Amino acid sequence: MAIAKKSVVWGVFAAGGTVAAFLFPALIALFGLVASGTVPEGLEYANLHGFASTWIGKIILFFVISLALWHAAHRLRVVFHDFGVRKDKIVAKAVYLVAAIGTLLTAYYLFAIG
Amino acid sequence: MSKRTLDIEVLRYDPEQDTEPHFMSYQVPCEEDWAILDALNYIKEELDTTLAFRWSCHMMVCGSCGMMVNGEPVLTCKTFVRDLPKDVRIEPLENFPIERDLVVVLDDVMEKLQMAKPYIIRKDPPPENEEFNQPRSALYKFKQYTMCVNCMCCYSACPQYALDSSFIGPAVLALAHRYNIDSRDQGKSERLDILADHDGVWNCSFVGACSEVCPKNVDPAAALQQMKIDGAKAYWLQKLPGGKS
């Protein structure tokens, strides 16, 4: 017996869960305001674009977005298990593939911001 | 003291006679301060001597009187008649095969208990001719996990164990964690090799029902999450040059 590889995906799941629990309620509230037309001070497009243009901004955004994706992927895998879907290997491949593609796209788009 | 009559339905099953389990009803005149275990003893002594159930201490120490009372896994010595409605349904602990009536087969958990190596493992010899000093802060880290009485209520509550009984399960993993975080112990890596494998901690999806039903206020769900962190750390450490494979 040995420590299962599941510990790797659980690691990003746990990190993503922590990030999501701390940041996402605030982000959802703030960007909910933006979407409804009330832009809080500092959240104007130019400011956010400026933030995403800096390297530190890119790194922060990359970790927040990609970790949340891996968190969601692993949680979905567990939900499938809980609902009685006994095809764990296929489910795992599918959800992690989506998270991996999302991670690559996040890196690509962040890199593309000038 | 005033008496209160309960209508108690008890699941009965005698594998030598019955094809499947069935309920039998008893009217039990209960004293106000009775626990459900007292009502069961009344049934056995006064109404039906064939009823089989486990109990020993009647004081929440032995852990043998765990049963389902109105659908909840509880210690029947700690579940009082005054807190229950008039109709009470008593069943054996869920997720275990029935041996007879309210007695379940616990072989599966007993086998898994060995895997946890629930004893202090030393690589260095213990101090000779002196006590093994342990600061109080070190004791507090694991003390709550020593309160487990192996009643197995957590296994009845655990949806993951219900789905897949190869899961090692809450009480055993919490007990392993108790030794992992004991400052005198040096067997953590030995245990993680077994308990952080597929059927170990990773099968837990942190529903937390184990901690909710625990009659001794142990928090197995927390133990499992902490073990997951230990497992993840150990996985990467063994990948490092010089790490154990």
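The values are calculated or read from the model by the stated rules, or taken from the named source; none is laboratory data. Just so it is clear, the model here is predicted, and its values are computed rather than measured. All Cβ positions, even for glycine, are placed from backbone atoms using ideal geometry, and neighbour counts span all protein chains on display. Heads up: the accessible areas ignore ligands, DNA and RNA and are worked out on the full protein's heavy atoms, side chains in. Shrake-Rupley method; radii C 1.70, N 1.55, O 1.52, S 1.80 Å.
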Expressed as a fraction of 2.2 N^0.38 Å, the rule-of-thumb size for a compact globular protein of N residues, what is the C-alpha radius of gyration of chain B? 1.18
Against the longest principal axis of chain A, how steep is helix A:88-112, in degrees 0 to 90 to the nearest 10, with axes from Cα atoms? 20 degrees
Inter-chain Cβ neighbour average for residues A:77-87, partner chain, 10 Å: 2
Cα-projected label distance for B:MET24 with B:HIS198, points at 7 Å along beta-carbon direction, nm: 4.4 nm
A:ALA35 and B:GLU46 label points (each 7 Å along its Cα→Cβ direction) are spaced in nm at 6.4 nm
Which value in nm describes the separation of the simple spin-label points at A:ILE101 and A:LYS5, placed 7 Å from the Cα toward the beta carbon? 2.1 nm
Expressed as cubic angstrom per residue, what is the convex hull volume of the alpha carbon set of the protein assembly as shown? 241 Å³
Across 5 Å bins from the origin, how do the percents of Cα pairs in segment A:41-93 run, short distances first? 4, 18, 16, 14, 11, 9, 9, 10, 8, 2
Peptides ranked, highest mean first, by Cβ atoms within 10 Å: ranges A:93-104, B:219-230: B:219-230, A:93-104
Chain B: angle of helix B:220-239 to the longest principal axis, Cα-based, in degrees nearest 10: 30 degrees
Counting only heavy atoms of the protein chains, get the accessible area per residue of segment A:7-112 (1.4 Å probe) and round it to a whole Å² value. 64 Å²
Set the Förster radius R0 to 45 Å, insert the Cβ-Cβ distance between B:GLN17 and A:ALA94 as r into 1/(1 + (r/R0)^6), and round the FRET efficiency to 0.05. 0.35
Given the pairs B:LYS78/B:LYS141; A:LYS5/A:LYS87; B:LYS78/B:LYS188; A:LYS5/A:LYS58; A:LYS87/B:LYS233; A:LYS93/B:LYS188, which are separated by over 24 angstrom at their Cα positions? B:LYS78/B:LYS141; B:LYS78/B:LYS188; A:LYS5/A:LYS58; A:LYS87/B:LYS233; A:LYS93/B:LYS188
Partner aspartates and glutamates whose C-alpha sits under 17 Å from that of B:LYS239, ignoring same-chain residues fewer than 8 away, are B:GLU190, B:ASP193, B:ASP197, B:ASP230
Protection proxy ranking of B:165-176, A:8-19, B:82-93, B:12-23 - average other beta-carbon atoms within 10 Å, highest first: B:165-176, A:8-19, B:82-93, B:12-23
Cβ neighbours within 10 Å from other chains - mean over A:4-14: 6
What do you get for the angle between helix A:55-82 and the principal long axis of chain A? Use alpha-carbon atoms, 0 to 90 degrees, nearest ten. 40 degrees
